[in-house]
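*Asks:* Please find one structure pasted underneath; my questions will follow.
The values are calculated or read from the model by the stated rules, or taken from the named source; none is laboratory data. A quick note: this is a predicted structure, and the numbers were derived from the prediction, not measured. Using ideal geometry, Cβ is built from the backbone for each residue, glycine included, and neighbour counts are taken over all protein chains shown. Remember, those area values only see protein heavy atoms, side chains included, never the ligands or the DNA or RNA. Shrake-Rupley method; radii C 1.70, N 1.55, O 1.52, S 1.80 Å.
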Amino acid sequence: MLQIILGAISLGLLWAIMTIGVYITYRILDIADLTVEGSIAMGAAIVAFSIFNGMNPFIATGLAFLGGMAAGLVTGILHTKLKIPALLAGILTMIALYSVNLRIMGKANLSLLRIDTVFTSLENLGLSPNNAVMLFGFLSVAGIVGLLYWFFGTEMGCAIRATGNNPQMARAQGINTNNMITLGLVISNGLVALSGSLIAQSQSFADVQMGIGSIVIGLASVIIGEVIFGTRNFLNCLISLVLGAITYRIIIAMVLKMGMPANDLKLFTAITVAIALSLPVFKTYLRPIKKSITGEDL
Amino acid sequence: MLVINGIHKRFNAGTVNEKIALSNLSLTLEEGDFVTLIGGNGAGKSTLLNCVAGVYPIDQGSIIIDDIDVTKLPEHKRSAVIGRVFQDPMMGTAANMGIEENLALAYRRGQFRSLNWGISNKEREVYKQFLSQLDLGLENRLNAKVGLLSGGQRQALTLLMATLKKPKLLLLDEHTAALDPKTAEKVLQLSDKFIKESNLTTLMVTHNMRNAIEHGNRLIMMHEGRVILDINGEEKQHLTVENLLKRFGQASGEEFADDRALLA
Ligand SMILES: Nc1ncnc2c1ncn2[C@@H]1O[C@H](COP(=O)(O)OP(=O)(O)OP(=O)(O)O)[C@@H](O)[C@H]1O
Ligand SMILES: [Mg+2]
């Protein structure tokens with residue numbers, strides 16, 4: 001049991017990086033970006049192909065990050081320059097990436113068994129494979145959270161936040177909203193691909209299909225994190241995301257352990273997210289009732 | 001200061017919904033002019049302000065601000081020299097960001113957004129000072145999310161943001177229309193104060209004829225995408241609402257079609 005939870009935590013830490021990427025588009029930019037489904041697999045594909053062909057795993061991971069950024073850039077250009085609605089722009093890039101990822105790997109999946117990954121160096125220090133993933137995941141997540149906390153406090157980061165919050169106001173304050181949206185998409189997809197590359201290395205396996213449903217997993221983690229761990233301030237939000245991603249993995253590990261067939265996982269996740277996203281609607285139904293009881297306008 | 005040369009703006013060109021919103025409109029504002037702009041519903045007042053601000057491209061003509069032709073400049077670039085307050089109090093501020101964060105965004109209007117920290121402690125003192133001029137107690141709530149403020153507070157804050165970094169041109173589009181009369185009066189007083197203090201060249205749309213007469217040094221009336229009245233100086237000081245309505249009738253050949261203005 002403990003083993004399962006520890007496994008869920010280390011996997012959750014790797015998915016947390018993806019969750020932070022989803023948060024940047026979904027919450028900060030107010031865009032549902034489906035590019036992530038392609039860029040997570042792209043991260044895996046790039047890292048798998050590069051390591052398989054003898055590249056240093058750290059450089060390969062960095063390359064995966066850059067690849068994700070390029071994917072975000074494509075969506076950004078489709079959306080801001082060619083004026084394609086954000087959702088559709090993301091879908092286009094996602095579909096295109098499916099072919100691109102197949103080209104990168106040359107086939108639908110690639111095994112990394114017995115090949116050195118970024119985790120191997122920690123394992124060489126005497127850590128168990130799972131502990132190596134956990135330590136590396138923790139350090140990466142801490143670094144990314146710190147970096148983003150700094151970045152979104154800078155002038156440029158504030159401009160991105162204003163763009164997502166109220167683009168009209170942002171333009172009236174001289175902010176180039178198109179550039180800010182593109183920059184946000186670039187950072188987000190870079191992180192998602194980084195996450196994909198680490199996930200692939202931890203499971204010694206990359207698959208072009210691995211992105212399917214990942215946006216929903218990201219959203220589920222965002223919402224679980226926000227509901228359970230709060231959104232008091234930006235740092236709190238970021239930490240909530242990480243804890244949300246871990247919680248999601250623990251929940252999944254639990255329901256699988258309780259005997260839910262693995263094939264039903266995506267249905268389970270989709271229902272969870274649908275309920276969480278529809279909570280505001282239920283609240284508006286409840287509001288008049290509450291008002292008639294308390295006599296207060298909420 | 002502002003020179004508008006024969007601009008033309010058509011919406012939905014070539015469709016059944018085609019609408020000429022501005023038709024060969026020319027207008028020149030001198031440095032320090034405070035112009036009030038009135039006109040019936042659909043006269044093209046908002047469209048004019050939006051064209052000057054770069055929200056919509058124009059079909060013909062040119063717009064020159066302080067000797068610089070801005071006709072082809074995108075909205076965010078023009079914002080470097082233009083301050084704006086909109087009719088909708090939600091539109092001028094970022095609701096999820098704090099009061100000081102909103103002010104800091106406005107303080108950097110027209111500047112490159114660097115990787116320096118978004119707000120300095122020195123600025124905070126400046127903001128506190130400005131906020132206390134609003135007399136709304138906001139100076140003690142620098143970190144409060146703007147979404148928590150009332151419409152009037154948000155509009156006062158937007159006004160401060162529009163003038164914090166002195167703009168060459170201030171555009172106010174019915175910025176008190178959504179407020180209750182008392183708050184509207186207060187925001188209007190503040191506008192007057194900021195405009196006078198910094199001698200801002202201003203174009204203020206209002207549907208309230210009395211406000212249009214009492215404020216500013218020049219009054220312009222629009223009808224069907226054109227300027228039909230332009231009154232300033234001595235003549236403006238002696239204007240009355242009846243007088244203005246009569247002159248509107250003479251100039252346009254129609255009755256003034258704006259219920260709100262007549263009731264006000
Ligand atoms: N984005 C748009 N698309 C199509 N038509 C528009 C658009 N904006 C304005 N119009 C049309 O242009 C004309 C002028 O509108 P505008 O909003 O400038 O009027 P206004 O003088 O500000 O009126 P009001 O006092 O009602 O605010 C109207 O007929 C309007 O329907
Ligand atoms: Mg209008």
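*Asks:* Report, to the nearest whole %, how much of the accessible area of the stretch B:137-260 belongs to carbon and sulfur atoms, 1.4 Å probe, protein only. Mind dumping the intermediate values first?
*Replies:* Values: 2520 of 5550 Å².
Roughly 45 percent of what the probe reaches on the stretch B:137-260 is carbon or sulfur.
*Asks:* Tell me, Kirkwood radius of the protein assembly as shown from alpha-carbon pair distances, in Å? Don't skip to the answer; put the middle values down first.
*Replies:* Values: mean 1/r = 0.0378 Å⁻¹.
Computed over the protein assembly as shown, the radius equals 26.5 Å.
*Asks:* Report, ordered by chain and residue number, the lysines lying within cross-link reach of B:Lys9, taken as a straight Cα distance under 20 Å and ignoring same-chain residues fewer than 8 apart.
*Replies:* Partners found: B:Lys19, B:Lys45, B:Lys72.
*Asks:* Kindly state, to the nearest 0.05, the FRET efficiency for A:Leu113 paired with A:Ile212, given R0 = 22 Å and r defined as their beta-carbon distance. The partial results should precede the final answer.
*Replies:* Details: r = 23 Å, r/R0 = 1.04.
Working from the Cβ atoms, E equals 0.45.
*Asks:* Looking at chain B as a GNM with Cα springs under 10 Å, which of B:Gly98, B:Gly14, B:Gly32 has the largest mean-square fluctuation?
*Replies:* Top of the fluctuation ranking is B:Gly14.
*Asks:* Can you list which of the DSSP-assigned H helices in chain A have a Cα extent of 20 Å or more along the long axis and an average Kyte-Doolittle score of at least 1.6? Before the final figure, lay out each step's value.
*Replies:* Numbers: long enough: A:2-23 (29 Å, 1.95); A:35-52 (25 Å, 1.67); A:57-76 (28 Å, 1.49); A:86-105 (28 Å, 1.73); A:129-151 (32 Å, 1.45); A:177-202 (37 Å, 1.02); A:214-229 (22 Å, 2.35); A:234-257 (34 Å, 1.90); A:265-294 (41 Å, 0.91).
Counting only whole DSSP H runs, the qualifying helices are A:2-23, A:35-52, A:86-105, A:214-229, A:234-257.
*Asks:* Can you work out ³J(HN,Hα) from phi for every residue in the stretch B:177-184, in order, using Karplus 6.51 cos²θ - 1.76 cosθ + 1.60 and θ = phi - 60°, giving whole Hz and x for Gly and Pro?
*Replies:* 5, 8, 9, 5, x, 5, 5, 4
*Asks:* The stretch B:69-89: which residues show an accessible-area loss of 40 Å² or more, assembly versus chain alone, 1.4 Å probe?
*Replies:* B:Glu75, B:His76
*Asks:* How much accessible area is lost when chains B and A come together, counting both sides, with a 1.4 Å probe, in Å² rounded to the nearest 100? Numbers along the way, then the final one.
*Replies:* Numbers: alone 13040 and 14520 Å², together 25310 Å².
It comes to approximately 2300 Å² buried between B and A.
*Asks:* Sticking with this structure for a sec: What residue among A:Ala270, A:Ala41, A:Ala89 has the largest mean-square fluctuation in a Gaussian network model of chain A, using Cα springs under 10 Å?
*Replies:* A:Ala270
*Asks:* If you don't mind, another one. Per-residue mean of other chain beta-carbon atoms within 10 angstrom of the beta-carbon, peptide B:101-109?
*Replies:* Averaged over the peptide's residues, the number is 5.
*Asks:* Per DSSP H run of n ≥ 4, the term is -39500 (n - 2.57); total these for chain B, divide by its residue number, and report the mean residue ellipticity at 222 nm rounded to 500 deg cm²/dmol. Display every interim value, and only then the final one.
*Replies:* Numbers: 10 runs with 96 residues, N = 264.
Per the formula, -10500 deg cm²/dmol.
*Asks:* Also, quick follow-up: Using Cα centres only, tell me the gap between the stretch B:118-184 and the stretch A:57-123 in whole Å.
*Replies:* Centre-to-centre (Cα) distance: 44 Å.
*Asks:* Quick one: if the Förster radius is 41 Å, what FRET efficiency do A:Phe151 and A:Asn263 give, using the C-beta to C-beta distance and rounding to 0.05?
*Replies:* Values: r = 40 Å, r/R0 = 0.97.
The pair A:Phe151/A:Asn263 has a calculated efficiency of 0.55.
*Asks:* Quickly work out the B:Ser198-to-B:Glu254 label distance, labels modelled 7 Å from Cα along the C-beta direction, and quote it in nm with one decimal.
*Replies:* 3.6 nm
*Asks:* Ignoring everything except DSSP H segments at least 4 long, calculate the 222 nm mean residue ellipticity for chain A; use -39,500 (n - 2.57) per segment, divide by total residues, nearest 500. Let's see the in-between values first.
*Replies:* Working: 12 runs with 221 residues, N = 298.
The per-residue figure over chain A is -25000 deg cm²/dmol.
*Asks:* For B:Ala21, enumerate residues with amide H under 5 Å from its amide H, sequence gap 5+ or separate chain, H modeled in the peptide plane.
*Replies:* Under 5 Å from the amide H of B:Ala21 lie the amide H atoms of B:Lys9, B:Arg10, B:Phe11, each far enough along the sequence or on another chain.
*Asks:* List the residues whose amide H sits under 5 Å from the amide H of B:Gly39, counting only those 5 or more places along or on another chain, with H placed 1.01 Å from N in the peptide plane.
*Replies:* Counting only residues 5 or more places away or on other chains, the set is B:Met222.
*Asks:* By average Cβ neighbour count within 10 Å, what is the ranking of B:112-122, B:164-174, A:25-35, B:179-189 from highest down?
*Replies:* Working: B:112-122: 13.7, B:164-174: 20.4, A:25-35: 23.2, B:179-189: 16.2.
Highest mean packing first, the order is A:25-35, B:164-174, B:179-189, B:112-122.
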